[in-house]
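Shown next, in structure tokens, is the structure this report addresses.
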Amino acid sequence: MAVSDHVDLPTFMEGVKKRNPYQPEFVQAVQEVAEDIFEFMQDKEEYHSQQILRRIAEPDRVVSFRVCWEDDNGNIRVQRGWRVQNNNAIGPYKGGIRFHPSVTESVLKFLAFEQTFKNALTGLPMGGGKGGSNFNPKGKSVREIMRFCQSFMTELYRHIGADIDVPAGDIGVGGREIGYMFGQYKRITNNFTGVLTGKGLEWGGSLIRTEATGYGAVYFLANMLATKGEDLTGKTAVISGSGNVATHAAEKIVQLGGKVLTLSDSGGYIHDPDGIDQEKIDWVKTHKTHRRGRIEDYVAAFPKATFVAGKTPWGVPCDVALPCATQNELLGDDARALIANGCKAVAEGANMPTDLDGVHVFKAAKILYAPGKASNAGGVAVSGLEMSQNSERRSWKEEELQQMLKDIMAGIHKSCLAYGDQGGGYIDYVKGANIAGFKKVADAMLAFGVV
Ligand code: NAP
């Protein structure tokens, strides 16, 4: 027995910090998982001796590359691109591509690490990966975005494949960008294959992929409320973000009888005391996604609303909260404010939107709190279903897919209960998700030996 493998949590985290200097987001994500996994592994010698967590916290590979493109004025621009392939123990690498100026290797490593557990929770055969670039799509022309996507894929294509690594969209990458990247992949390889998900319906995409992350997060929230004998009827919801995840979460809250009070973007948040109904959500979708506008313009269209510049919406009293914008957008004080104002449940639509302090506040208050790796897994789940449809060369019906999404979210909720039920009516969803996701990947890794 390798006694030296039995390091304690602080020593393990010291090693992670030392090996990943200047990567705070990655260290934060590993810490959040390790806190639960160390407790779970206490009496499981094999996971220790085989260094399973240490191996999952070391990506299989990180590919970094230059992306050169020409802007509309003929200037040569140079960006950095990455693909992080974290772990493929249970299936091909799978995870989105993010285009945002805040993208760094640390951000993508944290996302790929989280994705590994999330994908395992869906029950589908998908490993964990993530990619992206520090390219800022804001203010770029459509032609510039096309040229950038083509240049990005001109390098990425060598590292991906339908049975190797299947990227999707994320912040700054929607259907249009997936189209440009898929077109370039097909052109270079002369191969029409399910190498990306989030594709258009005419060329291999799946129904409900666009809606799946936001809808799934609300299904998960409804599952959590049901453990207390409650539902969303008449509940007020505070949501951050105004992109794909936020607008579809808002839509499903409204469909299930709730009232959405806020949406936001990087400029601030809008508060509409009358509620953001379907008509207003459609306005936001058109304004933000198609016209690339700002959320502050909402108040001109709907004058009863107010815009608060430079702030997040967590001070607005609500029954439920859904952070759906980006990482570390809900801090410890925000969590305390939500609880003081009577918030009963938080379901993360974004990845790691709550910082470690905030996570500890929610856990200590014992509210219903779902980490993104559980509650936002609906998107990648339907991506997994898109892969299956591509392999079969057929398309499933919308009703079938809606039911599959609901069933998958209910299944993830059940897995969280299996490992997170603390007794006395309290479910630690963070612990449940971490352990259920870890166990599946870890057991596959044990079967492969030391590779
Ligand atoms: P999106 O459509 O690009 O929308 C992102 C939204 O977040 C926009 O409203 C954006 O505001 C806001 N935002 C981005 N960076 C911000 C920052 N630094 N500060 C404040 N606001 C910021 O992206 P999305 O697909 O909805 O993704 C949102 C989150 O969900 C991300 O954490 C993503 O990883 C996660 N997620 C997405 C999926 C999916 O299927 N799309 C699946 C699982 C998880 P601006 O317009 O001002 O930039």
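The values are calculated or read from the model by the stated rules, or taken from the named source; none is laboratory data. All values reported here derive from a predicted model rather than from experimental measurement. Every residue, glycine among them, receives a Cβ derived from its backbone with ideal geometry; neighbour counts consider all protein chains shown. SASA here: full protein model, heavy atoms, side chains in, ligands and nucleic acids out. Shrake-Rupley method; radii C 1.70, N 1.55, O 1.52, S 1.80 Å.
In table form, for the structure just shown:
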read-out	value
Unique match (being away from the ligand (no atom under 16 Å from the Cβ), among the hydroxyl-bearing types (Ser, Thr, Tyr) and either open to solvent by 50 Å² or more (accessible area, probe 1.4 Å) or not assigned by TED's automatic domain parsing to the domain that holds Pro371 (or both)) among Thr122, Thr116, Thr154	Thr154
Residues of segment 163-178 classified as open to solvent by 20 Å² or more (accessible area, probe 1.4 Å) and in a helix (DSSP H, G or I), total	2
Residue check, Asn136 of a type in the set (S, T, N, Q), away from the ligand (no atom under 16 Å from the Cβ) and surrounded by fewer than 21 Cβ atoms within 10 Å (Cβ to Cβ)	no
Pairs, first under 22 Å from Gly174 (Cα atoms) in segment 288-302, second charged (D, E, K, R), C-beta under 6 Å, six or more apart	Ile295/Asp265
Elements of type helices (runs of 4 or more DSSP H) in segment 221-326, at least 2 residues being away from the ligand (no atom under 15 Å from the Cβ) and closer than 28 Å to Ala377 by Cβ	244-255, 278-284
Ala377 being touching a Cys at 6+ places or on another chain (Cβ under 9 Å), within 16 Å of the ligand (Cβ to nearest atom) and open to solvent by less than 30 Å² (accessible area, probe 1.4 Å)	no
Members of segment 327-357 found to be more than 9 Å from the ligand (Cβ to nearest atom) and of a type in the set (S, T, N, Q), listed by number	Asn341, Thr354
Flag for Thr213 being open to solvent by less than 60 Å² (accessible area, probe 1.4 Å) and not in a helix (DSSP H, G or I)	no
Qualifying residue in segment 386-400 (condition: modelled with pLDDT of 95 or more, basic (Lys, Arg) and under 24 Å from Gln327 (Cα atoms))	no
Failed criterion for Ala335 (all others in (1) touching a residue at least 40 places away in the same chain (Cβ under 8 Å); (2) assigned to a helix (DSSP H, G or I); (3) open to solvent by less than 10 Å² (accessible area, probe 1.4 Å) hold)	(1)
Contacts under 8 angstrom Cβ, first residue in segment 400-424 being in contact (Cβ under 8 Å) with a residue 60 or more places away in the chain, partner of a type in the set (Phe, Trp, Tyr) and open to solvent by 10 Å² or more (accessible area, probe 1.4 Å), 6 or more apart	Leu405/Tyr215; Leu405/Tyr219; Lys406/Tyr219; Met409/Tyr219; Ala410/Tyr219; Tyr419/Phe40
